[in-house]
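The values are calculated or read from the model by the stated rules, or taken from the named source; none is laboratory data. What you see is a predicted model; the values in this text were computed from it and never measured. Please note that ligands, DNA and RNA were not included when accessible areas were found on the heavy atoms of the full protein model with its side chains. Shrake-Rupley method; radii C 1.70, N 1.55, O 1.52, S 1.80 Å.
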Amino acid sequence: MAPQDRRTRRRQGELEGQVLAALREADGPVTAAWVQERLGGDLAYTTVVTILTRLLAKDVVSRERRGRSFVWTPTADVARLAALRMRRLLDGERDREAVLASFVTALPPGDEQVLRALLETADEDERHDEGERDGEEDPDREDGQDAGGGPGGAEQGDGEDGRD
């Protein structure tokens, strides 16, 4: 095969991203043949089905039987797919802290600011959620105590109802 005849190799995950993007452009559930046509038709039908099946295993698409075939619907976006790939890579490393530290220190300043803001928002959301759980009154309690304890109350999750 002559060098000019060789197709350029796609980056890892690129085809999955293209298939997911095509699904997100659809007006509703579509067949693998529709996705194949949308991507230009240079892919084998079996390749498209394989990619859709991989996306199904990653829980970013769903499928439903229609007649003798399946129709496919996206359940996530391309950003979620990229995040899943990043997570899989991180899970494969022994020293997660070193990998994360290296990742963060290599970020351009704008990306680092975005990451810091996202972490701060996530931290605030977590504190807010914990505050709601800790301070929420249990509407089923007649004594007005919160569900997490207090006089006559039970610790959450201990299996006791706290009543005498």
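Keeping every protein chain in place, order GLU112, GLU93 by accessible area at 1.4 Å, biggest value first, i.e. largest first.
Heavy-atom accessible area, descending, gives GLU93, GLU112.
Return the long-range amide H neighbours of THR31 (sequence gap of 5 or more, or a different chain), with a cut-off of under 5 Å between placed amide H atoms.
It is TRP72, by chain and number.
Out of all Cα-Cα pairs in segment 1-136, roughly what percent, to the nearest whole number, are more than 22 Å apart?
Across segment 1-136, Cα pairs with separations above 22 Å total 57 percent.
Whenever you get a sec, line up GLU25, GLU130 from highest to lowest accessible area (probe 1.4 Å, protein heavy atoms).
Highest to lowest solvent-accessible surface, that is GLU25, GLU130.
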